[in-house]
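Heads up, the thing below is written out as structure tokens.
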Amino acid sequence: MTNHWIDLQHCKTILVEGSNVAENHPMAFKWIRKAQENGAKIIHVDPRFTRTSAAADMYARIRPGTDAALLNTIINYVLVHKLYDEDYITTHTNALFLGHAAFDFKDGLFSGFDAEKHKYGTETWGYQLDAKGKPRVAANLADPHCVFTRLKTFVSRYTLEVGERITGIPATQIQQIAETMAKNRPGAILYALGMTQHTTGVQGIRAFTILQLLLGNVGKPGSGVNALRGEPNVQGACDMGVLNNYMPGYLNYPAHAEPTLAEYTKRNGTADSKFLVNTLKAFYGDAATPENDFAYAWLPKRSAAKDYGTMSIFESALAGTMKMLWIVGQNPAGTMPNLNLTFEAMAKLETLVVQEIWETETATFWRRPGVDPKSISTEVILLPAPFFMEKNGTISNSGGLVQWRHAAVKPPGEAKPDGEIVDLVFRRVRDVIKDSADPKDEIIKKAFWTYTTAEDVLREINGRALHDVPGANLKAGDLVKRVADLQPDGSTSSGAWIYAGVFGGGVNLSKRRDSQTDPGGLGLYPNFAWTWPNNMRILYNRASCDRHGKPYPGSEPIIWWDETAKRWAGYDVPDVPVLTDGPNTPNGQRAFHLSPEGVGRLFAVVYQDPDPKNPHVPRDVAYVPKDGPLPEMYEPVESPVENVLHPKVKHNHVLK
Ligand SMILES: Nc1nc2c(c(=O)[nH]1)N[C@H]1C(S)=C(S)[C@@H](COP(=O)(O)OP(=O)(O)OC[C@H]3O[C@@H](n4cnc5c(=O)[nH]c(N)nc54)[C@H](O)[C@@H]3O)O[C@H]1N2
Ligand SMILES: Nc1nc2c(c(=O)[nH]1)N[C@H]1C(S)=C(S)[C@@H](COP(=O)(O)OP(=O)(O)OC[C@H]3O[C@@H](n4cnc5c(=O)[nH]c(N)nc54)[C@H](O)[C@@H]3O)O[C@H]1N2
Ligand SMILES: [Mo]
């Protein structure tokens, strides 16, 4: 979420698309109800009529997988009828930036497509640059090459009639959704599995961000693009690098093509590289030095040719290339899409370890109905784990709120907290391999591992100064207080950079429970637990103000430039690169400061800032989707119908 649950009460519209929030996030749903009681319009877009539809003011039944077409139709309507926020888009987005002259989009394909490799070259997706390598900016939105016009031309195909033909939602209803969103601002978009679990997910979510930027709906209370996360602790687990493609803090996992830290930096940028160094220092301590690339070589590297998703784990077991599987808090026998394959795969394993609070269908797969246990030779070990109230630790919610949970009772019998089980196994493995000369064992032999409690782990995740860092006012041994404290040279460590500050100043801030203090009465409760990053509750909140640092009318003021104190101030932590750099400075105009150009992107652009002088400008080639700088409607791969926009390019061609 860019915003957070309690903040939803400030919305004047809420578009729920691809989620049944009423049933799947019932506690949080009360804030949607509260907004509705305050007069907000709730729109629900879903192929099924659910309890969320029943609670909504408007329900639109959509053909599955066609959300990008609906959203592009709404975007087109907003552009044609000039319902966008002109001040916002010219201040906080790349609307006025001039795009590369050779950019093109024809019959479903963007310029640069290599049909043999199913891949785009991104040469024509950039900006027109001036002599200093900075993007050239148009005088007004009518310029034929500015990003705004490019977007307008691109979505002009999506008339209300075309929108209806693709999505099945009547043209009049699409118009009503567009009018409702445009006339009732600020507004939020909420989404979950119905958007993300299709092959068209990237297009739909890109379209969300474009629509919200056009409406000035990012950074303000009651706005945002908000992913509703799954069961506890899906958000926290993803933050900690449990997804196969990420290191902790959503840093790209190192690939084969990046054998050295320098190569990693070249491909992923200086900011990510700095945070990775902090993680490596947390992993390896003194063994990670500038001379050995901070032990980067010890991390196994991803192969571009391999898929490391959940399904591939079972495919590897089936192929006999995986001998042992240790499953912690997952029940694949109930939740995998292909159970025959899953069961066959588990039967090929030599050992299956299941760390669970129950004896699940996974732990008992060898005696499931219709199977002779004698036919399965897999050794199954069930490790008794505790229920959440039997262990200490944090849970993070969709808004990034990190909350400490105290153990209420001791785990029964031989059950042990999950962290303790992992700790015991790790120490035993390290003991077994202590004399090994195999280079792949270095990752374990050299690991810095001194944990005894969950709180020790949280301190390590937070990070510490390893030497004196005068610039950040830290003495060796101090726990870091904020992301900006982290250094690129190995003088600090942090297990997951986005959590830097959760243990700021040596206090476990996730334990805070002040539910009274609420400056501004906005429901921010800054002293209740802690949110990443830096205890900021609404991301991009600089964009809630105009170019002079004054809150835009129409939404609750949350931060502003205080001319007397000469600093950004407000109820939330201001999302600015430097607190004392005001609206008259370049840093004071960088509402989206993680992108090199500092603005939100209506058009995703390959761009690297050439000016090494401002340390707050990331010197990175910012990420663009592999399948195009604008979201096009492609039929999902399983779709039986033709693509009416371009019959020859039915699916996303980047998919093989
Ligand atoms: N009670 C309960 N709550 C839970 C969970 C639970 O098991 N039980 N699980 C938790 C977890 S892990 C998760 S991930 C969340 C999931 O939360 P949700 O994503 O809200 O859960 P779903 O019921 O899968 O709802 C997805 C909706 O998307 C719709 N949909 C499908 N295809 C499309 C499409 O192409 N376009 C659009 N617009 N909609 C589409 C479906 O009809 C469905 O209503 O719930 C969490 N909360
Ligand atoms: N058919 C179908 N398949 C789906 C989905 C769907 O909607 N329909 N949804 C998909 C989604 S979004 C998700 S997130 C996955 C969920 O997939 P799973 O994670 O496999 O689903 P759960 O049944 O929630 O399994 C979690 C297990 O963790 C155990 N557990 C709970 N607390 C603890 C603990 O503290 N320690 C340990 N060690 N174990 C614990 C529980 O007993 C439970 O068996 O399923 C996916 N698959
Ligand atoms: Mo989930």
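We did not get these values from a lab; they are worked out from the coordinates using the rules stated. Since we're looking at a predicted model, the values are computed, not measured. A quick note on method: Cβ atoms are made from the backbone with ideal geometry, for glycine too, and the neighbour counts reach across all protein chains shown.
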Quote the FRET efficiency, to the nearest 0.05, computed for L655 versus V409 with a Förster distance R0 of 51 Å and r equal to the Cβ-Cβ distance.
-> 0.55
Check: C-alpha center segment 308-324 vs C-alpha center segment 455-502, spacing in Å is 37
Which of the pairs K117/K152; K410/K445; K281/K410; K12/K82 have their Cα atoms more than 22 Å apart in this structure?
-> K117/K152; K410/K445; K281/K410
Hull shadow area, averaged, the chain [alpha-carbon convex hull, nm²] | 31.1
Net dipole in debye of segment 1-125 [+1 Lys, Arg Cβ; -1 Asp, Glu Cβ; about Cα centre; nearest 20] | 580
How far apart, in nm, are two points set 7 Å out from the Cα along the Cα-to-Cβ line at K306 and at V637?
-> 2.0
Segment 405-534 - Rg over Rh from alpha carbon coordinates, Kirkwood radius | 1.07
For the charge dipole of the chain, defined by +1 on Lys and Arg C-beta atoms and -1 on Asp and Glu C-beta atoms about the Cα centroid, which residue among V507, C11, L486 has the Cα displaced farthest towards the positive pole?
-> C11
Average projected area [Cα convex hull, segment 1-99], square nanometres | 7.9
Cα-centred dipole magnitude for segment 428-504, charges only on beta-carbon of K, R (+1) and D, E (-1), debye, nearest 20 | 100
Farthest positive-ward along the chain dipole, Cα basis, beta-carbon charges - from Y308, T93, G400 | T93
Where nothing but the Cβ of Lys and Arg (+1) and of Asp and Glu (-1) is charged, how large is the charge dipole of the chain around its Cα centre, in debye to the nearest 20?
-> 640
Taking the Cα centre of the chain as the origin and placing charges on Cβ (Lys, Arg +1; Asp, Glu -1), which of P640, H256, T453 is farthest toward the positive end of the dipole?
-> P640
For every helix of n ≥ 4 consecutive DSSP H residues, a contribution of -39,500 (n - 2.57) applies; sum these over the chain, divide by its total residues, and give [θ] at 222 nm rounded to the nearest 500 deg cm²/dmol.
-> -7000 deg cm²/dmol
Inter-probe distance in nm under a simple model that places probes 7 Å from Cα toward Cβ, at K613 and F426 = 4.6
Calculated FRET value between R513 and E23, using beta carbons and R₀ = 35 Å, to 0.05 | 0.80
Can you give the alpha-carbon Rg of segment 463-521 over 2.2 N^0.38 Å, where N counts its residues?
-> 1.28
P(r) of segment 341-457 over all Cα-Cα pairs, 10 Å bins starting at 0, rounded to whole percent, reads 12, 28, 30, 25, 5
On each of the three principal axes of the Cα atoms of segment 60-179, give max minus min coordinate, whole Å, ordered largest first.
-> 50, 43, 19
Using 0.36 nm per residue, how much length does the chain from T564 to F105 gain when fully extended, once their Cα-Cα distance is taken away?
-> 160.3 nm
Subset of K34/K481; K301/K650; K626/K656; K183/K650 violating a 23 Å alpha-carbon distance limit = K34/K481; K301/K650; K183/K650
Hey, which lysines would be in cross-link range of K132, C-alpha to C-alpha under 27 Å, not counting anything within fewer than 8 residues on its own chain?
-> K266, K274, K613
Evaluate Rg over Rh across segment 554-656, taking Cα atoms for both radii and Kirkwood's formula for Rh.
-> 1.18
Run through all the Cα pairs of segment 264-372 and give the fraction in each 10 Å bin from 0, expressed as whole percent.
-> 12, 32, 21, 24, 10, 2
Zone reached by a paramagnetic label modelled 7 Å from E315 Cα along Cα→Cβ, restricted to segment 637-656 with backbone N below 20 Å, covers 637-639, 652-656
Could you list T199, T66, T260, T531 in order of exposure, starting from the residue whose Cβ has the fewest other Cβ atoms within 10 Å?
-> T260, T199, T66, T531
Counting other beta carbons within 10 Å of each Cβ, put I75, I381 in order, fewest first.
-> I381, I75
Taking the convex hull of the Cα atoms, report for segment 357-406 its projected area averaged over all directions, in nm².
-> 5.3
Quick calc of log₁₀ I(q)/I(0), segment 486-578, Debye, one scatterer on every Cα, no solvent, q values 0.11, 0.16, 0.19, 0.24 1/Å, result -0.39, -0.77, -0.98, -1.22
Along principal axes, largest first, the alpha-carbon spread of segment 198-353 in whole Å comes out as 55, 45, 28
